[in-house]
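Structure first, then comments.
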Amino acid sequence: MEKMDIHIVGLGNLGSAFLKGLRDLIEKTDIYLYEESEDVRQLIQENYSLTPKESVNMISKGVLILCIKPQNINEFFDIYKDKIAKDVLICTPIAGLEIKTIEKYLENNVLRIMPNLLIQDKTGFIPFTSNYEGDYLNFIHNILENLGTVKEVDESMFAIVTALSGSGPAWFYELSNQLVNAGTKLGLSLKDSELIVQELLKALPSLVHENETFENLVNKVMSPGGTTEAGLNSLNNASFDTIIFEAIQKATQRSTEISKELNNE
Ligand SMILES: NC(=O)c1ccc[n+]([C@@H]2O[C@H](COP(=O)([O-])OP(=O)(O)OC[C@H]3O[C@@H](n4cnc5c(N)ncnc54)[C@H](OP(=O)(O)O)[C@@H]3O)[C@@H](O)[C@H]2O)c1
């Protein structure tokens, strides 16, 4: 099988998560890296023995994965659109960037995805939508399916998917952070409190199954009149459901706002 050229532009949090996730696909891929920050380029060189370039020269085939911030994307296309051949698949995980915005610059096939950082350990969730039929270059099957669970989603759902899944790890890490804080306020050392929550978080996935609801899992931990029920009652009295709903709603709205900004609406 011919190797696939994969060009990753931007090697910050997500670009380096891609790189980590792809590390064992060396036989299937030729990886080309681009990063503006000299410090980051040096870090990649030290950790992966790969030499990123400062900027794109010419991309004539394969896949271009754009891992730069939304605010940099219009400038990127203004500068580089003529250096990207028509056959190149554009893969964009950029929050809020709609396919129609890219189509203003390029006629290429575009695959919009919204992964999270867990792709680095091949346990990501990767919703996708595209402006073409089928699996162009077999990129979804040969590459993305190696990085986690892949699912086609209508583009109109991307803002909510971005809030739930793209930002998803942050909700659980913030909850964990607050649990650690509660433990220390109630007398545990920071070290012990962190250890307890870390161990808890690492063990939780074993109980998560497709045919088990989260509500059921909560009920399994809770017994009437017990400690968990006391805590859950306190959460309910403090409108935990509303707090979470509003956070996801705000994140969804921000994604929609970014789409409008990028599309000059
Ligand atoms: N982080 C996540 O969990 C996550 C999840 C899903 C989607 N995303 C999306 O992924 C994108 C990247 O997020 P991130 O968190 O990885 O951001 P980040 O850590 O800021 O990384 C972006 C990197 O790209 C570099 N860069 C900017 N313009 C460039 C160019 N023209 N050529 C080469 N390098 C360039 C930046 O360098 P300078 O700092 O020097 O500009 C920076 O190092 C965003 O659009 C975000 O919406 C992120």
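State which residue is surrounded by the most Cβ atoms within 10 Å (Cβ to Cβ) when the search covers only the stretch 67-90 and only residues that are more than 8 Å from the ligand (Cβ to nearest atom) and closer than 24 Å to R23 by Cβ.
I90
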S16 being of a type in the set (S, T, Y) and assigned to a loop (DSSP other than H, G, I, E, B): no
State whether one or more residues within the stretch 48-66 are in a helix (DSSP H, G or I), more than 9 Å from the ligand (Cβ to nearest atom) and without any contact (Cβ under 8 Å) to a residue 12 or more places away in the chain. no
Given the conditions (1) at pLDDT 95 or above; (2) within 16 Å of the ligand (Cβ to nearest atom); (3) farther than 24 Å from E257 by Cβ, which single one is not true for T123? (1)
Could you list, in sequence order, the residues of the stretch 5-55 that are of a type in the set (A, V, I, L, M, F, W, C), in contact with a Ser or Thr (Cβ under 7 Å, 6 or more places away or on another chain) and closer than 19 Å to K83 by Cβ? I6
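Sort out which residues of the stretch 101-120 are more than 16 Å from the ligand (Cβ to nearest atom) and in contact with an Asp or Glu (Cβ under 9 Å, 6 or more places away or on another chain), and write them in order of number. So that I can check it myself, show each step before the final result.
Keep residues of the stretch 101-120 that are more than 16 Å from the ligand (Cβ to nearest atom), which gives 103-104, 107-109.
N108, N109, listed by residue number.
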Selection within the stretch 75-99 - more than 17 Å from the chain's Cα centre (by Cα) and under 18 Å from I113 (Cα atoms): V88, L89, I99
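When the stretch 137-160 is examined, which residues are found to be in a helix (DSSP H, G or I), in contact with a helix residue (DSSP H, G or I) (Cβ under 9 Å, 6 or more places away or on another chain) and among the hydrophobic types (A, V, I, L, M, F, W, C)? Show your work before the answer.
Restricting attention to the stretch 137-160, the residues satisfying the condition of being in a helix (DSSP H, G or I) are 137-142, 144-146, 155-160.
Next cut, in contact with a helix residue (DSSP H, G or I) (Cβ under 9 Å, 6 or more places away or on another chain) only: 142, 144, 146, 155, 158-160.
Across the stretch 137-160, the qualifying residues are L144, F158, A159, I160.
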Any chance you could count how many residues in the stretch 34-47 are within 10 Å of the ligand (Cβ to nearest atom) and either part of a loop (DSSP other than H, G, I, E, B) or among the charged types (D, E, K, R) (or both)? 6
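Test of understanding: among I79, I90, I73, I31, which residue is closer than 27 Å to D135 by Cα and either in contact (Cβ under 8 Å) with a residue 60 or more places away in the chain or assigned to a helix (DSSP H, G or I) (or both)? Explain how you work it out, then say what you get.
Numbers: I79 fails: closer than 27 Å to D135 by Cα; I90 fails: either in contact (Cβ under 8 Å) with a residue 60 or more places away in the chain or assigned to a helix (DSSP H, G or I) (or both); I31 fails: either in contact (Cβ under 8 Å) with a residue 60 or more places away in the chain or assigned to a helix (DSSP H, G or I) (or both).
Just one listed residue meets the conditions, I73.
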From the list L195, L179, pick out the single residue that is among the hydrophobic types (A, V, I, L, M, F, W, C), touching a Leu at 6+ places or on another chain (Cβ under 9 Å), in a helix (DSSP H, G or I) and over 24 Å from S259 (Cβ atoms). L179
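For (1) polar (S, T, N, Q); (2) in contact with a Pro (Cβ under 9 Å, 6 or more places away or on another chain); (3) farther than 26 Å from L64 by Cβ, each residue gets a yes or a no:
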{"residue": "I143", "(1), (2), (3)": "no, no, no"}
{"residue": "G168", "(1), (2), (3)": "no, no, no"}
{"residue": "Q178", "(1), (2), (3)": "yes, no, yes"}
{"residue": "K220", "(1), (2), (3)": "no, no, yes"}
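The values are calculated or read from the model by the stated rules, or taken from the named source; none is laboratory data. Values in this document were obtained by computation on a predicted structure and should not be read as measured data. Note: ideal-geometry Cβ built from the backbone for every residue, glycine included; neighbour counts use all protein chains shown.
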